[in-house]
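The values are calculated or read from the model by the stated rules, or taken from the named source; none is laboratory data. Please read all numbers here as calculations on a predicted model, not as lab measurements. Reconstructed Cβ throughout: ideal geometry from the backbone, glycine too, with neighbour counts over all protein chains shown. These accessible areas exclude ligands, DNA and RNA; they are computed on the full protein's heavy atoms, side chains included. Shrake-Rupley method; radii C 1.70, N 1.55, O 1.52, S 1.80 Å.
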Amino acid sequence: MIYVIQTALELGFMYALVAMALFLSYRILDIADLTTDSGFVLGAAVSVTVAAAGHPFLAILAAMAAGSCAGFVTAFLQTRLGVPSILAGIVTNTGLYTVNLMVMGWSSNVSLLKQDTLFTLLKNTGIGGSWYKLLLAAGITIAAGVFLVWFLGTRIGLSIRATGDNADMVRASSVNPVFTITVGLCISNALTALSGAVVGQYQKSADINGGTGIVVIGLACLIIGETLIGRRSMGRNVIAAIVGSIVYRFIYAVILKTG
């Protein structure tokens, strides 16, 4: 039972990053970004591939950079070429399938055998005991949540929030909505890729179909969290995303355990 609880908490914190990403794109910018599924796989593929080369820390940064690039492509299609937001996400999502295969050496999956990951490095220090995976997953997610709350309170962050409410008003205030949408989608997809990167090192593998249904799971986590916690402030929204993800994983674990 302890193992089930521990695993549910670990996965809950890691997948909460996807819920945060969807909060930024769907709730703040009011954009249905369907890049999420392949963006998650992109993060896992880049993370596992770079970690296999012996750079587990660099793997996380590389995955986030790759996710930002995916978000930039979606934003470019939407803002510069006039492609509807849903279609732009679908186009990027489809194109990333080939990119993900290329990152993984044209293989449908790639594994970490004896290479170090962030989790094995933390385990070797003895910090956290048997709960070291939960400690690392929670630390990364909480740090990302704090950054997101801080960023949305900055001038650029407030402009992004205003863009989601009324892009015409933002344009009239001499703020370029193209820029705010691009920044918002880049950060959103960086968070999605971060989730994939952490999960990839956690599972020591990346699969080309590993992101199937991630956007649905992320939205479910977000809705569960908002129902339980509410949406009165940015901090509360981020907490709702984390709590919703953990609750979702507990429900999932109970269903698997009870059959």
Requested in this report: Work out the length of the dipole vector of the chain about its Cα centre, built from +1 on the beta-carbon of each Lys and Arg and -1 on the beta-carbon of each Asp and Glu, and round it to the nearest 20 debye.
Outcome: 380
Report summary line: Note on the range 14-103: C-alpha Rg/Rh, Kirkwood Rh, two decimals, gives 1.00
**Report entry** 0 to 90° range, to nearest 10: angle between helix 155-165 axis and the chain longest Cα axis
**Finding:** 70
Report summary line: Against the 2.2 N^0.38 Å rule of thumb, the C-alpha Rg of the chain sits at a ratio of 0.98
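Taking the range 73-116, which chymotrypsin sites (Phe, Trp or Tyr not before Pro) meet the DSSP loop condition and have no more than 13 other C-beta atoms within 10 Å?
Sites meeting the loop and neighbour criteria: Trp106.
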Report summary line: With every protein chain kept in place and a 1.4 Å probe, the residues Asp165, Asp116, Asp33 fall, from largest accessible area down, as Asp165, Asp116, Asp33
Report summary line: So, relative contact order of the chain in percent, Cα under 8 Å, 6 or more apart, is 39
Requested in this report: May I ask for the angle, rounded to the nearest 10°, between helix 85-103 and the longest principal axis of the chain, with both axes built from Cα atoms and the value confined to 0 to 90°?
Outcome: 40
Report task. Over the chain, average the accessible area per residue using a 1.4 Å probe and give it in Å², no decimals. Result -> 46
Report summary line: Taking only the alpha carbons of the range 69-195, the radius of gyration and the largest Cα-Cα distance, Dmax, both in angstrom, are 19.0, 56
Query raised in the report: Residue-wise, which Karplus ³J(HN,Hα) couplings in Hz belong to the range 40-57, taking 6.51 cos²θ - 1.76 cosθ + 1.60, θ = phi - 60°, and x for glycine or proline?
Result: 5, 5, 4, x, 5, 5, 5, 4, 5, 5, 6, 5, 5, 7, x, 10, x, 6
Report summary line: For Lys204, the aspartates and glutamates lying under 17 Å Cα to Cα, once residues fewer than eight places off in the same chain are dropped, come out as Glu10, Asp116
Query - Calculated P(r) of the range 162-236 - Cα pairs past 17 Å, % - result: 65
Query raised in the report: How do Met169, Met234, Met14 stack up against each other in accessible area, from largest to smallest, with a 1.4 angstrom probe?
Result: Met169, Met234, Met14
